Amino acid sequence: MTLDPGALLRCVFDRSPVGIALTGGPRHDVLAANGALVDALGRGLGSPPEVLGRALPDCLAGDAGPLTEALDRALAGRGGRQVVVTEHRRAGGDLVALRWSACPAQGCPADLVVHCWDITEEVGRRQRDEATARDLREANERLREATERGRRLAEEAARHAEKFDALLEGMTEAVVVADAEGRLVLVNRVAREALGWGMQSLDDLRGFDMRRRDGTPLPFEEWPLIRALRGERFSGLELAYVQHDGPRRDLVFAGCAVGASGRERLAMILVRDVTDLRRLEAERDEALALISHDLRTPIGTIALRAEVLQRTLLARGEQGLAGAAEQILRGARRIGAMTDELSAASSPEEAARLDVACVDLLAVVSDAVDHTVTPEARPRVVVERQDELPPILVDPERIERAIANLTANALKYSPGDAPVRVRLHREDGEVVVSVEDRGVGIPPDELPRLFQKSFRARTARGVEGLGLGLYIVRRIAEAHGGRVWAESREGQGSTFHLALPLPPRP
């Protein structure tokens, strides 16, 4: 078999494990290069054709001075073959040592032949072996330390788990956790004993009787644990749970999903039994209703007698005694108003019982201000209508009471000369009555609780009241299908809004 010498040389050139380049000219431009040269320089330069035409020293990422000097000496024929070692930082960031051998080409149109190979491995093989052994020893030591640390962490985790279990078992609230497949993975002592929830899966809950507060059955799909598994977050959800033996328990639920969606998701609910609290509240409301009912007659008598006495004294010209009678009359009226608040707060059904009529809301609001604001405070209250308002279906007496409560609050918490504005306007199918004052204001964190029963803001300390006026306003608004809210800046005043739905257009 006859081999082409040129093809053979080309094969040797391309497959040589040593990098080879042919350079030419004073810049030592690369005329040819094999793959080993590119590998030595680093693959960041790409394939051999990208090296062609470049000055060989320019391909070096590092101090190229020694290589340039060696190439110049070899090209000038000084000292024969030139050998030099340089440092080069490859594209990946590794610093390697390269040995270069340069000699003039003989019988070749190129000016110079350059050999290059990586001597880092040769020089550092023993160091690498030693480093490998050292790394193995260090890795073994780290593994031993990690094993010991893992043992300690496991013991600590077990202690924490014991504390967590003890905490859950000692809680006064029931805690139930279910996984995405419907298995109950945690049911604490209160849930097992007080609620009787000792089952294993969600399907076991289907036999329980859960109801809304009005007594209507709650569909299984709306059970708190099912809602939490759907990713809902809720709190303060009050439901009635009827046990198998008959007693009804009033329960307040809070729930949320824990973890990512999918099979890893868990659902957790906390359940607080408020049965005894609701019973005590009912007893309290009954007592308040009886007390307020019994007080109405003597308070009305005192007010009537005080008013007659005041008129008689004024007719006789006895101004001082008439002023004392006026103070008695105001006190009686104030006690009467507080008694009415107690009666309304202790009987929510009364607030929800409406006797509706089609009325002019502006007239109702004006009557509320005229009937409840004292003559000396009346100039401070301004009633404004910003839009034309159609007649509205409301219980005039209830709305008048709500407006009276809002106006009395605004006057009570405002300086003696500060105005109070009552504005009426239309907004998105509603009529909104806004009562604005320039009083002490309300802290932002307390705004959501303003309309709760018996709640009083920190800024209300030192001002008489039972904390029932705004609660009654909310109950009246909800009975009409409306809503209430407040806006305030502490130290600058507050605005309370009562929104009532407009009747649908015919």
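Summing Lys, Arg as +1 and Asp, Glu as -1, what charge do residues with Cβ under 12 Å from the Cβ of residue 144 carry, residue 144 excluded?
On the way: positive: 137, 142, 149, 151; negative: 138, 141, 145, 148.
Neighbour charge sum, excluding residue 144 itself: 0.
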### Message
Suppose we take every Cα in segment 171-273 and form the convex hull; what volume per residue is that in Å³?
### Response
90
### Query
Taking K and R as +1 and D and E as -1, what net charge do the other residues with C-beta under 14 Å from the C-beta of residue 310 add up to?
+2
#### Entry: Sequence of 68, 172 once ranked by neighbouring C-beta atoms within 10 Å, starting from the fewest
172, 68
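Write down, largest first, the equivalent ellipsoid semi-axes of segment 5-118 in whole Å, where each equals the square root of 5 times an eigenvalue of the alpha-carbon gyration tensor.
On the way: eigenvalues 80, 65, 28 Å².
So the equivalent ellipsoid measures 20, 18, 12 Å along its semi-axes.
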### Spatial extent of segment 353-501: Rg and Dmax, with the Cα atoms as the point set, Å
14.5, 41
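Taken together, the values in this text are just the output of simple stated rules run on the coordinates, not laboratory data. If you're wondering where the values come from, they're calculated on a predicted model, not measured in any experiment. Glycine gets a Cβ as well: all are built from the backbone with ideal geometry, and neighbour counts include every protein chain shown.
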